[in-house]
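The values are calculated or read from the model by the stated rules, or taken from the named source; none is laboratory data. Because the structure is a prediction, the values reported are computed rather than measured. Quick reminder, even Gly has a Cβ in these numbers, built from the backbone with ideal geometry, and neighbours come from all protein chains shown.
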């Protein structure tokens, strides 16, 4: 392998592969390093890819990519120990091209995407750990790998090496991540026949469901659970705030087992075959944990930059990663045109992100992570919702109560009306 390229990209996830693909299409000599055996082999993500960003790069990508189902139905469920109350939304618009989002399995998707990049001219190099940066006159000029060739040089390095980005730390762009800023996601893949999935979740053809759960299943730990339908499997898991999880002395796997055994969930998984376990960290603090995004010769993209939108009801990450990879590529193309790879020149990356939905959305929801630290969201309020609905639909031969009286009786002794109103106001501001 040669040791000099126009651009080195570290990390073959959506951000890194997007940047490498666009730059190779522009005629640049690009190497893409991946520490796994192949792109996607280290990624256990089972979630939703919102596709408009990728569609701008590869039109009608879903016709070629190994997507699972296009998501037509979203469901939010509140859980107590013995009950559940759900709100779901289904749209025929989400069932039409270009579609709103797709469930994907990253082990398949990342491998396909890297192959597309390779066909465009990217030199994809798996099984390669990048430990450090090479500096020259105050500017990054390459990376240090554990390969026999050792040092690999380039005018620009794009660090898309995940939430624990070693390169961003080595560049002094951020400190070590704090447990307050991340959550631990534990996921299991459960195999079920395609027909069974469609019958249980009331789906047709390639329609898919994205389900989000909150309440007793996290045992007081700040977090929630998810369920996504794939073609012939279900991605199910929990997301637990790392600091809250550590204080609880519980394990995420225990919480996942409790979730799977909940009366409202276990029948959905009946006769399923467990195929895969996995865990990874999710950067959830948004702009509050975002590092500096650039330095001379270096750009930081994707999870390495904290680009995950925790909006309270769902998580978005892959689409932000792709958008940041595209912005990084456009910045590098401009830097090559002007033959200027200085910190001042690469500031254009931040400017592009400020103009895009990436930083606009992250700034809009910058208060959400703090609001989601409220423990009542995961304990008191899901129970109140279930208790209220149970009373509302109970028929016991006694006179019916008006809705307002039912609300007062449901919350009595559990949360004050004043506290409820304050939490609602804070939630409205944080989730606006």
- Scan the stretch 67-95 residue by residue and report those that are in contact with a helix residue (DSSP H, G or I) (Cβ under 6 Å, 6 or more places away or on another chain), buried (at least 18 other Cβ atoms within 10 Å of the Cβ) and in a loop (DSSP other than H, G, I, E, B). 80, 83
- Item | Odd one out for residue 181, checked against (1) modelled with pLDDT under 95; (2) closer than 30 Å to residue 294 by Cβ; (3) touching a helix residue (DSSP H, G or I) at 6+ places or on another chain (Cβ under 6 Å) | (3)
- Qualifying residue in the stretch 264-271 (condition: in a loop (DSSP other than H, G, I, E, B), in contact with a strand residue (DSSP E or B) (Cβ under 8 Å, 6 or more places away or on another chain) and surrounded by fewer than 21 Cβ atoms within 10 Å (Cβ to Cβ)): yes
- Condition met for residue 341 (within 30 Å of residue 78 (Cα to Cα), outside the structural domain of residue 259 (by TED's automatic domain parsing) and not in a helix (DSSP H, G or I)): no
- Message: Any residue at all in the stretch 245-258 that's in a loop (DSSP other than H, G, I, E, B), touching a helix residue (DSSP H, G or I) at 6+ places or on another chain (Cβ under 6 Å) and surrounded by fewer than 22 Cβ atoms within 10 Å (Cβ to Cβ)?
- Response: no
- Message: Can you confirm whether residue 174 is within 30 Å of residue 35 (Cβ to Cβ) and out of contact with any strand residue (DSSP E or B) (no Cβ under 7 Å at 6 or more places or on another chain)?
- Response: yes
- Which one of the conditions (1) in contact (Cβ under 8 Å) with a residue 40 or more places away in the chain; (2) closer than 13 Å to residue 10 by Cβ; (3) not in a loop (DSSP other than H, G, I, E, B) does residue 128 fail to meet, given that it meets all the rest? (3)
- Item | Selection within the stretch 14-57 - over 21 Å from the mean Cα position of the chain (by Cα) and not in a helix (DSSP H, G or I) | 26, 27, 28, 29, 30, 31, 32, 33, 37
- Message: Quick check on the stretch 217-234. Is at least one of its residues on the phi > 0 side of the Ramachandran plot and in contact (Cβ under 8 Å) with a residue 40 or more places away in the chain?
- Response: yes
- Only one residue in 47, 11, 40 is outside the structural domain of residue 229 (by TED's automatic domain parsing), surrounded by 17 or more Cβ atoms within 10 Å (Cβ to Cβ) and modelled with pLDDT of 95 or more, so which one is that? 11
- Message: Among the residues in the stretch 317-333, are any under 13 Å from the mean Cα position of the chain (by Cα), buried (at least 24 other Cβ atoms within 10 Å of the Cβ) and either in a loop (DSSP other than H, G, I, E, B) or at pLDDT below 95 (or both)?
- Response: yes
- Task: Output the qualifying pairs, or none if there are none: Cβ atoms under 8 angstrom, residues six or more apart or on different chains, first residue in the stretch 146-175 and on the phi > 0 side of the Ramachandran plot and assigned by TED's automatic domain parsing to the domain that holds residue 322, second residue surrounded by 17 or more Cβ atoms within 10 Å (Cβ to Cβ) and not in a helix (DSSP H, G or I).
- Result: 162/11; 162/13; 172/295
